[in-house]
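Here is the structure we will look at, set down as structure tokens.
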Amino acid sequence: MDAERWQRLSPLLDILLELEPEARAHQLEILRADDPAMAGELEQLLALEDGNEGFIDQPLLDKPGQLQPGTLMGPYRLESMLGEGGMGMVWLASRADGLYQRRVALKLLRPGLADPNLRLRFTREREILARLEHPNIARLLDAGVGSEGQPYLALEYVEGVPINEYCAANNIPLDGRLELFLQVCEAVSHAHANLIVHRDLKPSNILVTPNGDVRLLDFGIAKLLDDPEPAPVHPRTEVRAFTLHYAAPEQVRGELVTTMTDVYSLGVVLYELLADTKPYRLRRQTDAEWEEAILAVEPLKPSVATLRTTDGSRTRCPETRRSARKLVGDLDNIALKALAKQPEHRYPSVEALSLDLQRHREGRPVHARPQSVGYRLRKYLSRHRWALAGGSVAGLVLVTALAVTAWQGRQAMREATRAQAMQDFVIGLFDNASASQQGSTFDARELLAAGERRGDRELAGQPLAHAELLGLIARLRLGLGDYRQSLALLEKQARLLAGLDDAPDSLRLESATQHGRVLRLLGQSRQCLTVMAPMESRLSVLQTRLPLPVAEFQSQNGRCRSDAGERQVARQMFDRSLALRRDLKDEAGVAENMRDLAALEAELGNADTAVRGYRAALAHLQAHGYGRLPLAVEIQRSLAMLYRNRGETDAALAILQRARDLAQEIHGPQHPVTQALRRHIAAVHVDLGHLRQAEEELRGLHALTLESMGPNHRDTASSWNALGIIAWERGDYDTAVRDVGQAVAIWRAPDSAQILPGGLFNYGMVLHSAGRNDEALAALEESRRVRAAQIGASHPLIGETDRLIGEVLAAKGDLAGASERFDRAVRLTRVGFGPDHPRTWFSELSMARHQTRLGRPADALESLQVLAKHAGGGSEAPKLRWLARAYAAEARCRLGEGDRARQELDALIGELRIQQPDGGVIPREAADIRAACR
């Protein structure tokens, strides 16, 4: 075995040798999912160890042990790894000798590396950091050598995020971004004054703390200007220590590095802060393309790059255009001068770059532009505009006063006219409400439709009033569950607001929030982000005047970000919204954000944390007298779904029934939320085997859903799916295929993309039971492809689909293909859901039964007997035990123990008649196995 291979295997082998046999086998299964060859080699080494107690008592290579949390390194105890690179690793550590309490970032050489160049770099970094003492540079606190001879640096631990992410997540305006960048310049200037070039300046090495202070990190490849330069190495064969995207042309060419190399890297960072994109846009993100761009391509002006979309077209967003106009001129020229290809054409120092930015902020001429008379005059007039304007104002004060008075009069008249128009409209709407009367009640939807038509007619000359009315009707439609009609109204409102210069900020903010909300409800999270993006840059300005609308906007934007996979950004938005609402004592809003954070934990697979979060949010609502808000219904629904997924069916049913009762009081029986809760309750009854009760509930609910939502709504599809599953449980496969197929056809609409994989899974399941295995396989493979594109091919839900595909392949006679699918299903569910999750149990059950099909009934029987005694609770554990008993009897039949097998099956069928009086899939499968066991 070569040294490189052993270097990879050794730490893994050390871990496995410390584990108990069961835990060792579990860890090997996880490793096999990623690298079967490596897992095989490790098994061979472990087998050698089993047969020789002295195996590898002496190391094959002189390599220290793998570092673990809790390891002592000098006076520090390692807690968790913060990051690692080619040179070493950084651990979060705490002082362990009791002298004082401090947490540090402990930088270590990677264990086992004996490269003298790396040790030289590490030693050099210690010397570099010892020189630097600046508030914007992470300080060196300590240095030493551990007990194993491993050198370490103890650095100030910085809690922060990269500067570009901080600016994006907090909507930092242009002036704030320049202020942060000037802090970076001060830190780099201090390093240069100590004869140090950083050589790897990039956002991930420039962190911003929660207090808004910059910290410069990682002088690992910094060059001391007073040190002799090492022997030159050919740039194409050298191990690249810098980050290519931020490298200067001379670094790419392998030429001499100077302080102007850092100026170039700072230019890239500045460009990214100004334009929210890198200076070069490449078709293919390869190193060769990046090198060519850095050496030969001239970057676009930041103001031009800001206006470019990802496909190269120009954006039409008004906010983006306003931002681009601020960059035209001085900032364009400053950024491009810093990015000049030739070092001599750049700023001669970081101080020169910093001074030019300060000149721009002060309104003075910058050195990056030609010093023409016209340019200097414009700057003078701009810089002294207040003094010059003061003299003019004195002469115009009377005229201005008269003009302001006239303007205010017109504004007051305009507001009065708009308010009167809205009042007349609402009164007229109800004066004519008889057209929408049905018996003693009014049809709210028809009333709103009439209001929309009347608004189009009577407010056509008052676009602001018309926009307000459209927003009002859209919110009412949303409350009724008419999501598509609400979207059409909000799109119409957005077009009106785009043509108005004087629309209130509050109306624009509310319009964007509601537009994003309805798009998310329709499953269009990416469109939601596009709609809400133009308002993000204005939040810091609006927060003082409109704190609650800003908090609501942040919350909705965070939900769309979370749905789009941007969960860390979403968490920051929820946290900011939560802080605003707590300051304003908006207790219902506080509970809403607590719910949002719990939902994030659920998406990350932290079910226990999510349950605690949902319960805390519900308790907060109830403690402040808001226990009967629609939000309480949403929280209970989410909590019940977590319990159901964990197999805690009784708890889920109780919560769903309370949520349904509250939803009927708040929304009424025809609202989508109420109907969805009733479907969830029926589904839980199916889990419990109460098929008759579930079917009675769904029959009436299905007619109501068709009437209120129409035949093509995704909630109608959910109703068809539920009816199909009950027909499948009852053994009416033709009806099951028809109903679930109807649901899948509806869910193929774009706004149901998230639901479609689950529908295809159910469709494949009922097709398989109907004996239509070719169609079943096609549906399941499509489900797998769609779900993998959404959540990744290694998600545990993919394992559940693989399990059912394995059952179909086995039915088609492809036993080898089935084995492969069952193996993958067990690995994915066991790693992703954990060993105590119902989906993991049934994957293991399918694999155990498959041993009988493969002609190994004795092996099958051994595993099935363990599963038949499984101690789990909830609704799924009894199903597991019943099926395991049936499959164990099937294995006994294959072993020639027919009499015993038939006795066990008869006992099981008798028990199922009592426990499952409505029948179902499991009693029917047990009966089929009994009939086959002759």
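Taken as a whole, the condition of being crowded, with 18+ Cβ neighbours inside 10 Å and not hydrophobic (A, V, I, L, M, F, W, C) applies to GLY741.
Taken together, the residues in region 160-196 that are under 23 Å from PRO534 (Cα atoms) and among the polar types (S, T, N, Q) amount to 3.
One residue stands out among those in region 788-802 that are closer than 13 Å to GLY832 by Cβ and not aliphatic (A, V, I, L, M): the one that is surrounded by the fewest Cβ atoms within 10 Å (Cβ to Cβ), which is GLY792.
Listed by first and then second residue, the pairs with beta-carbon distance under 9 Å, at least 6 apart or on different chains, first residue in region 602-615 and without any contact (Cβ under 8 Å) to a residue 12 or more places away in the chain, second aliphatic (A, V, I, L, M) and surrounded by 14 or more Cβ atoms within 10 Å (Cβ to Cβ), are ASN606/LEU600; THR609/ALA598; THR609/ALA602. For region 893-929, a tally of residues being in a helix (DSSP H, G or I) and without any contact (Cβ under 8 Å) to a residue 40 or more places away in the chain returns 20.
When region 590-612 is filtered for residues that are under 24 Å from PRO835 (Cβ atoms) and of a type outside the set (Asp, Glu), the ones remaining, listed by number, are ALA602, LEU604, GLY605, ASN606, ALA607, THR609, ALA610, VAL611, ARG612. Looking only at region 262-282, residues that are part of a helix (DSSP H, G or I) and out of contact with any strand residue (DSSP E or B) (no Cβ under 6 Å at 6 or more places or on another chain) come to 13 in all.
Here is a yes/no grid of residues against (1) acidic (Asp, Glu); (2) under 20 Å from TYR614 (Cα atoms):
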{"site": "ARG517", "(1), (2)": "no, no"}
{"site": "ARG520", "(1), (2)": "no, no"}
{"site": "SER525", "(1), (2)": "no, no"}
{"site": "PRO549", "(1), (2)": "no, no"}
{"site": "GLU552", "(1), (2)": "yes, yes"}
{"site": "GLN556", "(1), (2)": "no, yes"}
{"site": "MET573", "(1), (2)": "no, yes"}
{"site": "LEU584", "(1), (2)": "no, no"}
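Report yes if some residue within region 724-737 is assigned to a helix (DSSP H, G or I), within 31 Å of the chain's Cα centre (by Cα) and at pLDDT 90 or above; otherwise report no. There is no residue in region 724-737 that is assigned to a helix (DSSP H, G or I), within 31 Å of the chain's Cα centre (by Cα) and at pLDDT 90 or above.
A quick yes/no check of all residues on (1) over 30 Å from LEU487 (Cα atoms); (2) assigned by TED's automatic domain parsing to the domain that holds VAL921; (3) among the charged types (D, E, K, R):
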residue: ALA727; (1), (2), (3): yes, no, no
residue: ASP739; (1), (2), (3): no, no, yes
residue: MET765; (1), (2), (3): yes, no, no
residue: GLY771; (1), (2), (3): yes, no, no
residue: ASP774; (1), (2), (3): yes, no, yes
residue: ALA779; (1), (2), (3): yes, no, no
residue: ALA789; (1), (2), (3): no, no, no
residue: ARG803; (1), (2), (3): yes, no, yes
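When each of VAL208, VAL184, VAL188, VAL197 is tested for being at pLDDT 90 or above, in contact with an Asp or Glu (Cβ under 8 Å, 6 or more places away or on another chain) and crowded, with 20+ Cβ neighbours inside 10 Å, the lone residue that passes is VAL188. Listed by first and then second residue, the pairs with beta-carbon distance under 7 Å, at least 6 apart or on different chains, first residue in region 649-671 and of a type in the set (Val, Ile, Thr), second assigned to a helix (DSSP H, G or I) and crowded, with 16+ Cβ neighbours inside 10 Å, are THR649/VAL684; THR649/ASP687; ILE655/GLN636; ILE655/LEU639; ILE655/ALA640; ILE655/TYR643; ILE666/VAL633. The residues listed here are SER875, SER846; of these, the one that is surrounded by 19 or more Cβ atoms within 10 Å (Cβ to Cβ) and either among the hydrophobic types (A, V, I, L, M, F, W, C) or at pLDDT 90 or above (or both) is SER846.
Taking LEU653 as the residue in question, decide whether it is more than 27 Å from the chain's Cα centre (by Cα), surrounded by 16 or more Cβ atoms within 10 Å (Cβ to Cβ) and not charged (D, E, K, R).
Details: more than 27 Å from the chain's Cα centre (by Cα): yes; surrounded by 16 or more Cβ atoms within 10 Å (Cβ to Cβ): yes; not charged (D, E, K, R): yes.
Yes: the conditions hold for LEU653.
Against the list (1) of a type outside the set (D, E, K, R); (2) closer than 22 Å to ALA810 by Cβ; (3) out of contact with any His (no Cβ under 6 Å at 6 or more places or on another chain), the condition LEU880 fails is (3).
Considering region 900-934 alone, what residues qualify as being under 18 Å from THR852 (Cα atoms) and either of a type outside the set (A, V, I, L, M, F, W, C) or touching a strand residue (DSSP E or B) at 6+ places or on another chain (Cβ under 8 Å) (or both)? Across region 900-934, the qualifying residues are ARG900, ARG902, GLU904, GLU925, ASP928, ARG930, ARG934. Counting residues in region 114-132 that are at pLDDT 85 or above and either touching a strand residue (DSSP E or B) at 6+ places or on another chain (Cβ under 6 Å) or among the polar types (S, T, N, Q) (or both) gives zero.
Going by the conditions given, is GLU255 acidic (Asp, Glu), at pLDDT below 85 and surrounded by fewer than 17 Cβ atoms within 10 Å (Cβ to Cβ)?
On the way: acidic (Asp, Glu): yes; at pLDDT below 85: no; surrounded by fewer than 17 Cβ atoms within 10 Å (Cβ to Cβ): yes.
So GLU255 does not fit the description; no.
Residues that are hydrophobic (A, V, I, L, M, F, W, C), out of contact with any Asp or Glu (no Cβ under 6 Å at 6 or more places or on another chain), closer than 17 Å to ASP218 by Cβ and part of a strand (DSSP E or B) within region 142-175 comprise ALA143, LEU153, LEU155, VAL161, listed in sequence order. Would you be able to say whether some residue in region 602-614 is on the phi > 0 side of the Ramachandran plot, at pLDDT 90 or above, surrounded by fewer than 16 Cβ atoms within 10 Å (Cβ to Cβ) and not in a helix (DSSP H, G or I)? For region 602-614, residues on the phi > 0 side of the Ramachandran plot, at pLDDT 90 or above, surrounded by fewer than 16 Cβ atoms within 10 Å (Cβ to Cβ) and not in a helix (DSSP H, G or I): absent.
The values are calculated or read from the model by the stated rules, or taken from the named source; none is laboratory data. From a predicted model like this one, the values you see are computed outputs, not experimental measurements. As a convention, Cβ positions derive from the backbone with ideal geometry for all residues, glycine included, and neighbour counts pool all protein chains shown.
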